[in-house]
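Notes for the one structure printed next.
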Amino acid sequence: MRMNKLKLIVLLGFFASYTTSCSVQNNVVKTPSTKNPTKPTNNTTPPKVSVVTTKPTTGTTASTEENFRTNLPEIKREFRGAWIASVANINWPSRNDLTVDQQKAEAISMLDMLKDNNFNAAIFQIRPSADALYTSNIEPWSYFLTGQTGTAPSPNYDPLQFWIEEAHKRGLELHVWLNPYRAHHANGGAVNSLSMANKLSDIVVRLKNGMYWFDPANPKTQGHVSNVVKDIVKRYDIDAVHFDDYFYPYATYNKGADFPDNVTWNAYVSSGGTLSRADWRRDNVNKFVERIYKEIHAEKIM
């Protein structure tokens, strides 16, 4: 399945999106209740809706009303997506010691549930912390998939390819969800020799809550994440790319202390930079997101 245009969707936190969404957990979808029991079909175009407002006419003793009618624009396709989180085994896989058959069965159950509830997209977290829930020559297999960073599934298979094929069979789009700056999660097991926190230690800082974070200002960080995204876009028939935690970490991650980026900040100031530190950080993120957007569309023009 291919859309007319591959999208880059940047999320703020887990659920910042202007589209309808819900969270999948333990094979249960949480949706707001509705008084209308009729289920919409996946690709039904909603009719134009007329909104009628009434306005009382002043200056008369009798109550009269004047109607104002407005035709709202048609929606070609409503986006009904669910985020499927792999970090800390929140959604899939439910544990990091499942067999391959158990992993596949869980995925199929979730996708069937989404189809049965008239969703049309699954947003699958494939890179929670500089790791991979797909075959990659750039970053190691995820701890959340196999229980050991760098250890492949056995028997080996490509989870992302499996999710794409099964989603498309059911008429669902498959969006990939990446965390660009998180290098290691506190719940991600031990940092071993294959962890990117070790392999790229020159651009990674350790925060006081146990997480490791890439320095967003470092050109090497931006280049590395760019290579990861381009590799995914080039090799897989995905329908969109989402970013989560695409910002500098909260101060609480570092127990109230400022993010430790003195090296890149001092280099910026020494080179004649005039932005404040806060504006400089925002500018680093803005330029990075713009770069990724352009590279995606240069790689896959539809």
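The values are calculated or read from the model by the stated rules, or taken from the named source; none is laboratory data. As the structure is a computational prediction, the values presented were derived from the model and not from experiment. No Cβ is skipped: glycine too gets one built from the backbone with ideal geometry, and neighbour counts run over all protein chains shown. Heads up: the accessible areas ignore ligands, DNA and RNA and are worked out on the full protein's heavy atoms, side chains in. Shrake-Rupley method; radii C 1.70, N 1.55, O 1.52, S 1.80 Å.
Taking 2.2 N^0.38 Å as the expected size of a compact globular protein, what ratio does the Cα radius of gyration of region 206-302 give against it, to two decimals? Could the numbers behind the result be given before it?
Working: Rg = 15.4 Å, N = 97, 2.2 N^0.38 = 12.5 Å.
After normalising by residue count via 2.2 N^0.38 Å, the value is 1.23.
Report D for region 82-122 in µm² per second (integer): Stokes-Einstein, Kirkwood Rh on Cα pairs, 10 °C, 1.306 mPa s.
Numbers: Rh = 10.7 Å.
Result for D is 149 µm²/s.
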Next on the checklist: Quick check: pseudo-label points 7 Å beyond the Cα along Cα→Cβ at Lys294 and Asn156, how many nm apart are they?
Outcome noted: 3.7
Checklist entry - How many angstrom lie between the C-alpha centres of region 274-295 and region 148-181? => result 29
Checklist entry - Of Tyr246, Tyr236, which has the most accessible area with a 1.4 Å probe, and how do the rest follow in descending order? => result Tyr246, Tyr236
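How long is the gain from Asn187 to Glu78 if the chain were fully straight, where each residue apart is worth 0.36 nm and the alpha carbon distance is subtracted?
Values: separation 109, 0.36 × 109 = 39.24 nm, distance 3.54 nm.
Here the segment from Asn187 to Glu78 would lengthen by 35.7 nm.
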Next on the checklist: Among the listed pairs Lys234/Lys255; Lys220/Lys294; Lys76/Lys115, which have their C-alpha atoms separated by more than 28 angstrom in this model?
Outcome noted: Lys234/Lys255
